[in-house]
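To start, the structure itself, in structure tokens.
The values are calculated or read from the model by the stated rules, or taken from the named source; none is laboratory data. Keep in mind it's a predicted model, so treat the numbers as computed, not measured. Reconstructed Cβ throughout: ideal geometry from the backbone, glycine too, with neighbour counts over all protein chains shown. The area values use the complete protein model at the heavy-atom level, side chains included, leaving out ligands, DNA and RNA. Shrake-Rupley method; radii C 1.70, N 1.55, O 1.52, S 1.80 Å.
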Amino acid sequence: MPSSFRLRRSVLYVPATNEKALAKLSSLDCDAAIIDLEDSVAPERKKEARERVRDFFRRGERGGKETVIRINALSGEWGDEDLLAARVCRPDAILLPKVDTPRDVLDANDALDEMDAAASLKLWAMVETPKAMLNLGAIAELGRDPSARLECFVAGTNDLVKETGVLATADRRYVMPWLMHMVLAARAGGLDVLDGVSNDFRDAEAFTRECGEARAMGFDGKTLIHPAQIGPANAVFSPSETEIAEAKEIAEAFAKPENAGRGAITINGRMVERLHLEQTGRVLARVAATKERGR
Ligand code: COA
Ligand code: MG
């Protein structure tokens, strides 16, 4: 469990130009928010969006949640100014869209270093292009170098569908191999990884099912577009009562003096190894973090 462990079960996008949504944010129970300067902001409102983000951070209404700013691509016409504005705001992280290669992350990191940005300012990367999928292992490897700032992958499923022409079915069957690959790459690099959004925010049942699948695939949480999605995401990505009870049982069993030197023991007729003890550590850390957040 990394010492910087943070809950990222529910990560809500908020368009920077939506004043009402920004004002609502401090009262919402999401673990994190991504204030968006990119796709949810029309080209003619990019400048205004930057000003609104500055105002938001100046007001200091982050409500104790991790707050991330998604900028436009540095290769495009708005990216440089977005990065400058974001650095001044001092969010927890900056989310880079349309990352294709490790170079895209390193360029953003170099620019932040040149601006004397604090080392605590992290980078998150959208995985949403065919090139990113092909370069994923090399991009994820940057997670092993703390000076590269990379901390989290975010699946951009809408863009992946658009770029590849894959059929977007309700069960996401054609997108899932890429999602699984993202989880694998993220773990190889020691990164967190968040599932993409569900566009149909009125269908709570489908959303809860999708969260369950994301959790089963190994994602740390889900990106959201609407407040109605926060409760279900928090619930699904929190350890269940059964998981907590099992974790405690394993921890207690290995703590017994008679099991001190043993690598594998039996609990309820099942083999349990010390690697399971490590897993329980993660479950219990999530429980502690959830309690700390108060929900
Ligand atoms: N963050 C914070 N508050 C939000 C919100 C969000 N993403 N989406 C909606 N709300 C607020 C609304 O302002 C409204 O507040 P109120 O109760 O004070 O009036 C309330 O939640 C209910 O909203 P609702 O009327 O159901 O939806 P809407 O029509 O206002 O907005 C969307 C629907 C899809 C336009 C909006 O949810 C949205 O812009 N989502 C984010 C889109 C985005 O960022 N996309 C890029 C990443 S994929
Ligand atoms: Mg996108």
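Worth pointing out:
- Reachable lysines, given that their alpha-carbon falls under 26 Å from the alpha-carbon of Lys248 and they are not under 8 places away in the same chain: Lys256, Lys291
- Here region 241-292 is assigned +1 on the Cβ of each Lys and Arg and -1 on the Cβ of each Asp and Glu. Its dipole about the Cα centre then comes out at about 120 debye.
- Straight Cα distances below 19 angstrom link Lys162 to the lysines Lys98, Lys131, with same-chain residues fewer than 8 positions distant left out.
- Choice from Ser238, Ser75, Ser198 with maximal GNM fluctuation in the chain (Cα, 10 Å cutoff): Ser75
- Fraction of alpha-carbon pairs over 25 Å apart in the chain - percent: 50 percent
- Taking amide H as placed 1.01 Å from N in the peptide plane, Lys222 has its amide H under 5 Å from the amide H of Ser10, Val11, Asp195, each at least 5 places away in sequence or on another chain.
- Here region 97-201 is treated as a Stokes sphere of Kirkwood radius computed over C-alpha pairs; at 10 °C and 1.306 mPa s its diffusion coefficient rounds to 112 µm²/s.
- 3J(HN,Hα) along region 64-73: x, 9, 5, 10, 10, 10, 8, 9, 7, 4 Hz, from the Karplus curve 6.51 cos²θ - 1.76 cosθ + 1.60 with θ = phi - 60°, whole Hz, x for Gly and Pro.
- Where N is the number of residues in region 179-240, Cα Rg divided by 2.2 N^0.38 Å: 1.09
- Annotation: amide H of Glu66 within the under-5 Å range of Ala33, sequence separation 5 or more or interchain, hydrogens built in the peptide plane.
- Amide H contacts of Val127 (H built 1.01 Å from N, under 5 Å, at least 5 apart or other chain): Val154, Ala155, Gly156
- Cβ-placed point charges (K, R +1; D, E -1), dipole of the chain about Cα centre in debye, nearest 20: 720 debye
- Measuring how big region 218-295 is from its alpha-carbon positions, Rg and Dmax come out at 15.6, 51 Å.
- Accessible area of the chain belonging to carbon and sulfur atoms, whole % at 1.4 Å probe: 52 percent
- Debye-sum result for region 120-163 in log10 I(q)/I(0), which assumes one identical scatterer on each alpha carbon, at q = 0.14, 0.17 Å⁻¹: -0.34, -0.48
- Ranking Asn268, Thr242, Ala285 by how far each Cα lies toward the positive end of the dipole of region 241-292 (charges on Cβ) leaves Ala285 at the top.
- Taking the C-alpha atoms only, the angle from helix 204-217 to the longest principal axis of the chain is near 70 degrees.
- Per residue value of the accessible surface for the chain (all protein chains in place, 1.4 Å probe), Å²: 49 Å²
- When Rg and the Kirkwood radius Rh are both evaluated on Cα atoms of region 139-268, their ratio Rg/Rh stands at 1.08.
- Comparing mean-square fluctuations of Glu258, Glu246, Glu48 from a GNM of the chain with C-alpha springs under 10 Å, the top value falls on Glu258.
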